[in-house]
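Have a look at the structure below before the remarks.
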Amino acid sequence: MIDRFTWFKQSAYLWRGEGSNVYIDPWGVTVDDPADVVFITHAHFDHFDKDDLEKITKSGTRFVAPRDVADELRGDVTAVSPGDAFDVGGVKGRAVPAYNTVEARLESHPQANGWVGYVLTLGDSTYYHAGDTDHVPELSDIRANVIFVPVSGTPYTMDPAEAGDLARAISPQLAVPMHYGFVEQAGTATNAERFVKEATPVEVRLLKPENPFEIE
């Protein structure tokens, strides 16, 4: 279910479908596959990088992003808020909330910003990309075959234990940790290893990024 995914770094992925390239939070892109659809979760530099977007944008590329990011994009742009459903470039899905509730993280991703994660149907499976978030109550009702969840902990996102709780609540067939190893104070590979244990009995797969880890 994740064979078609390439992990670049942090929360950045490419899904190669049959005649369709879908990017999520492209950053550190190492390929030149033109994007059919790009999903952006929020405005932070490690999720919204204009240089990487320029690298993969072609005539007809479609963008989906929260409203503050959408305002900075040109072309075919769909602005979304948490709860919105969409069908863009043949990709059906919905935007879900992504924000912090832990006091030490509140300034990183305020709920008022309207930032998002995505539940996407790609091929025959459903995928949840959490963006940057804590385990907020709305997320426990998500159902997906595969989930990509941040595990970096304070000051940015839920930590491995909180992410493990969310994984068990969603009960996917597979969980993939992300958002570690590339930004100061945003976790290391140890966070991912802890998540493997914390998510039990959910199966966890650790991916190898295309870019070498920068934070050990």
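The values are calculated or read from the model by the stated rules, or taken from the named source; none is laboratory data. The structure presented is a predicted model; accordingly, all values stated were derived computationally and were not measured. Note that we place each Cβ from the backbone using ideal geometry, even for glycine, and neighbour counts take in every protein chain shown. Areas reflect the complete protein model, heavy atoms only, side chains present, ligands, DNA and RNA absent. Shrake-Rupley method; radii C 1.70, N 1.55, O 1.52, S 1.80 Å.
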- Note on the structure: For the chain, averaging the sequence separation of alpha carbon pairs under 8 Å that lie six or more residues apart and dividing by its residue count, the contact order in percent is 15 percent
- Across the chain, how large is the tail of the calculated P(r) beyond 20 Å, expressed as a percent of all Cα pairs? 53 percent
- Message: Please report the projected area of the range 147-216's Cα convex hull averaged over all directions, in nm².
- Response: 4.1 nm²
- Averaged per residue, what accessible area in Å² does the chain show with a 1.4 Å probe, protein chains only? 43 Å²
- Overall Cα dimensions of the range 1-128, principal axis frame, Å, largest first: 43, 31, 26
- Taking K and R as +1 and D and E as -1, what net charge do the other residues with C-beta under 9 Å from the C-beta of S152 add up to? -2
- Measure nothing fancy, just the Cα-based angle from helix 189-198's long axis to the longest principal axis of the chain, in degrees from 0 to 90, nearest 10. 70 degrees
- Item | Rounded to whole Hz, the Karplus (6.51, -1.76, 1.60) HN-Hα couplings of the range 119-136, x for glycine and proline | 10, 10, 9, 10, x, 9, 10, 10, 10, 10, 9, 7, x, 9, 7, 8, 7, 8
- Answer rounded, prolate or oblate for the range 61-189, using the Cα gyration tensor with square roots of eigenvalues a ≥ b ≥ c: rounded when a/c is under 1.5, else prolate when a/b is larger than b/c, else oblate. oblate
- Computed label-point distance, nm, for sites D141 and E210 using a 7 Å Cα→Cβ extension: 3.6 nm
- Message: Can you list residues from other chains, or at least 5 along the same chain, whose modelled amide H is less than 5 Å from the amide H of L122?
- Response: Y127
- Note on the structure: Of the accessible area of the chain, computed with a 1.4 Å probe and all protein chains kept, carbon and sulfur make up a percent value of 45 percent
- Query: Which whole-Hz couplings ³J(HN,Hα) result when phi for each residue of the range 92-98 is put into the Karplus expression 6.51 cos²θ - 1.76 cosθ + 1.60, θ = phi - 60°, listed in order with x for Gly and Pro?
  - Reply: 9, x, 8, 8, 10, x, 8
- Segments 63-73, 46-56 sorted - mean Cβ within 10 Å per residue, highest first: 63-73, 46-56
- Query: Using helices alone, what [θ] at 222 nm do you get for the chain, with -39,500 (n - 2.57) per DSSP H run of 4 or more residues, divided over all residues and rounded to the nearest 500?
  - Reply: -4000 deg cm²/dmol
- Of T101, L120, G19, whose Cα points farthest to the positive end of the dipole of the range 1-135 (charges on the beta-carbon: +1 Lys, Arg; -1 Asp, Glu; origin at the Cα centre)? G19
- Item | Prolate/oblate/rounded label for the range 63-115 (Cα gyration tensor, a/c 1.5) | oblate
- Message: Only four residue types carry charge here, +1 at the Cβ of Lys and Arg and -1 at the Cβ of Asp and Glu. Report the dipole size of the chain about the Cα centre in Debye, rounded to the nearest 20.
- Response: 500 debye
- Note on the structure: Residues other than A161 with Cβ under 15 Å of its Cβ, Lys/Arg counted +1 and Asp/Glu -1, net out at -2
- Query: Given H placed 1.01 Å from N in the peptide plane, which residues other than close sequence neighbours of G117 have an amide H under 5 Å from its amide H?
  - Reply: V96, A98
